[in-house]
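Heads up: the structure comes next, in structure tokens.
The numbers here are math on the coordinates, done by the rules we state, and not lab data. Just so it is clear, the structure is predicted and the values come from calculations on it, not from any experiment. Positions of Cβ are backbone-derived with ideal geometry, glycine not excepted, and every protein chain shown enters the neighbour counts.
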Ligand SMILES: [Fe+2]
Ligand SMILES: [Fe+2]
């Protein structure tokens, strides 16, 4: 990857510093880190871990996911697939950490995992293989283990420095996964690194065009769940219609592709039309919730781009 200077250290959950603040993140840095890992990383199924299976079932029972996941045949296909995906044990441990210290992130990670698998089922021809490679949702925000909890849970606007530390969860996730998997080219690492990039190169950390369909699916699911879920920086969430309008607006601005948006809208309809037959409304009737400090920076009260912090 192109050179990037770390503003905050990247450390594992057991406090091993992989890269200190100030380190340059170059291909060479990553490769030497990967080859320094002499341990064998064990893996396990996410759904067999702790109470994940019951917790996920509970989250998917809440609106709007109870509609999205209302086709039992689809749901069992998706859950069977997620059950067969094995992730590195430190990823499982990160779920314990989030469940204990930042429940919103725990819920978000599991829901994005299930939703992106469901969307991939519609959109990606070899989706089973790709889901196995990607270990999609469970690891996309792994890098948040490096973000101090007071930043993750802050209810006031973030300062620019705090926002930059938060944004570094992308690079941190990529570094951690490359290290654990001893592979700097894995799809799971790529998802962690690139899920905040946009098609028009307006995202971060590298501001490169979003091109991988699998990464794009996680991106769409990530933004959608962030909008409709409890978040520290606003008292109430977006209603479902307004959230879908926001996602539609992103496709209109070419930040994300139409196929993933159509698939998400189709899943939100009780009749479950095929996504290719789904006509997306361009009408904007919703409003963002009051008291939302999303994207506002403390020092200057100016708006950054939306959906930065998911
Ligand atoms: Fe996320
Ligand atoms: Fe993220």
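Obtain the nm distance between the two label points defined at residue 159 and residue 276 by a simple spin-label model: each point lies 7 Å from its Cα along the Cα-to-C-beta direction.
5.3
Roughly speaking, what is the stretch gain from residue 66 to residue 80, that is 0.36 nm per residue apart minus the C-alpha to C-alpha distance, in nm to one decimal? Display every interim value, and only then the final one.
Details: separation 14, 0.36 × 14 = 5.04 nm, distance 1.81 nm.
Stretched fully, the residue 66-residue 80 segment lengthens by 3.2 nm.
For region 207-259, how big is Rg over Rh, using alpha carbon atoms and the Kirkwood form of Rh? Display every interim value, and only then the final one.
Numbers: Rg = 11.9 Å, Rh = 11.9 Å.
The Rg/Rh ratio comes out at 1.00.
Quickly work out the residue 149-to-residue 50 label distance, labels modelled 7 Å from Cα along the C-beta direction, and quote it in nm with one decimal.
The two pseudo-label positions are separated by 1.2 nm.
Using 1/(1 + (r/R0)^6) with R0 = 30 angstrom and r between the beta carbons of residue 37 and residue 96, what's the FRET efficiency to the nearest 0.05? Please list the in-between numbers first.
Working: r = 22 Å, r/R0 = 0.72.
Efficiency for this residue pair is about 0.90.
Hey, what number do you get for the chain at 222 nm if only DSSP H runs of n ≥ 4 count, each worth -39500 (n - 2.57), divided across all residues, to the nearest 500?
-15000 deg cm²/dmol
Neighbouring Cβ atoms within 10 Å as the yardstick, rank 106, 174 fewest first. Can you show the working numbers first?
Details: 106 21, 174 27.
Ranked by crowding around the Cβ, least crowded first: 106, 174.
From the convex hull of the Cα coordinates of the chain, what is the mean projected area in square nanometres?
One quarter of the hull surface, i.e. the mean projection, equals 14.9 nm².
Sort 233, 179, 65 so that the residue with the fewest other Cβ atoms within 10 Å of its own Cβ comes first and the one with the most comes last.
On the way: 233 17, 179 25, 65 20.
Ranked by crowding around the Cβ, least crowded first: 233, 65, 179.
Given the convex hull over the Cα atoms of region 1-89, what projected area results after averaging over all orientations, in nm²? Don't skip to the end; give the middle numbers.
Details: hull surface 34.6 nm².
The directionally averaged projection comes out at 8.6 nm².
Arranged by the count of other C-beta atoms within 10 angstrom, fewest first, what order do 221, 146 take?
Exposure proxy ranking, most exposed first: 146, 221.
Where does region 192-282 land on the Kirkwood hydrodynamic radius, alpha-carbon pairs, in angstrom? All intermediate terms of the calculation are to be shown ahead of the outcome.
On the way: mean 1/r = 0.0734 Å⁻¹.
After inverting the pairwise mean of 1/r, the radius is 13.6 Å.
Taking the Cα centroid of region 100-128 and of region 195-247, what is the distance between the two, rounded to the nearest whole Å?
Distance between centres, Cα-based: 13 Å.
For the ranges 94-100, 190-196, 273-279, what's the packing order if you count other beta-carbon atoms within 10 Å of each residue, average per peptide, and put the highest first? If you can, show how the numbers build up before the last one.
Numbers: 94-100: 18.7, 190-196: 25.3, 273-279: 12.6.
Descending packing order for the listed peptides: 190-196, 94-100, 273-279.
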